[in-house]
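First up is the structure itself, then whatever we jot down about it.
The values are calculated or read from the model by the stated rules, or taken from the named source; none is laboratory data. Bear in mind the structure is a predicted one, so any value in this text is a computation, not a measurement. All Cβ positions, glycine included, derive from the backbone under ideal geometry; neighbour counts span all protein chains shown.
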Amino acid sequence: MELFVETIHDTYLIVPILFIMYICLEYFEHKEYSSYEQYLLKYGPILGALLGIIPQCGFGVLASLLFIENKITLGTLISVFIATSDEAIPILITHPQMYTSLIYIIIFKVILAILVGYIVDHIFKNQKNNTLIQETHHHNHSLLLEAGIRTIKIYSFIFITNFALSFLIESIGTNKLSIILMNNSLIQPIACAIVGFIPNCAASVILTQLYINHILSFASLLAGLITNAGLGIIVLIQNKTNAKTILKICIILFISALLINLPLQWFHLH
């Protein structure tokens, strides 16, 4: 029951975000807005980084849904994923001694998100989702009802997945995770980057708490938060996005995390 309540607390703010987004998608579904698309092509990674840094895991979900609907590019999606930190920022805010680390995390993640976003768009030529599943909406119901139905469907999946992962993490325990994450090791950022892929807000909470307790280095925390796309990856999987595209996203996040944080970890240990 405690995990059930925590899951509601972690995910309830996603509902209004999803609902508003689906209202917009329903409205613009059959409209032409090429100027809007050109604007996103030019400034997408910047907007994605600024949106992602807001401490709310719903924005990773929002970015995934927009990518699935072919509204944003792969680079913009990556920029949101890199910038997002889920619950890490609120936790660090409650610890004044961690304010310097918080500022560095935000700066590192925003700059990296913008750079990687533009690089990805340049390499893959503003690639969008090429496995879009075409759905026919006859609009027999009101726009609000259509948006509400789609919101309930995606939130139900998010809630069930989040609850199951929270239960799994609770079963493993923080002590075992600290051992798995190899304290004071050069390859600790690699282990944290892998843990960061757990599509659950609890992953960012655990990584941040371990950092506050001096079990993780700054480089290791940053590596885990860069790969931690929250529930965004789960949404891509649930909507049957091409497996190669999902793998590509994970590889880009993993490389981005390690290119910066392995050298930082080396300097930390020496």
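When LEU115, LEU102 are screened for being modelled with pLDDT of 95 or more, more than 16 Å from the chain's Cα centre (by Cα) and of a type in the set (A, V, I, L, M), only LEU115 passes.
Of the residues making up the stretch 209-231, those that are modelled with pLDDT under 85 and either surrounded by 24 or more Cβ atoms within 10 Å (Cβ to Cβ) or in contact with a Ser or Thr (Cβ under 8 Å, 6 or more places away or on another chain) (or both) are GLN209, LEU210, ILE215, ALA229, GLY230, LEU231. Restricting LEU264, LEU221, LEU247, LEU236 to those that are touching a helix residue (DSSP H, G or I) at 6+ places or on another chain (Cβ under 7 Å), over 21 Å from PRO55 (Cα atoms) and not acidic (Asp, Glu) reduces the list to LEU264.
Out of all the residues in the stretch 62-91, which are buried (at least 24 other Cβ atoms within 10 Å of the Cβ), β-branched (Val, Ile, Thr) and part of a helix (DSSP H, G or I)? Answer for the stretch 62-91, where residues must be buried (at least 24 other Cβ atoms within 10 Å of the Cβ), β-branched (Val, Ile, Thr) and part of a helix (DSSP H, G or I): THR76, ILE78, VAL80, ILE82. Comparison of LEU264, LEU259, LEU236 shows that the only residue that is within 19 Å of THR73 (Cβ to Cβ) and at pLDDT 85 or above is LEU236.
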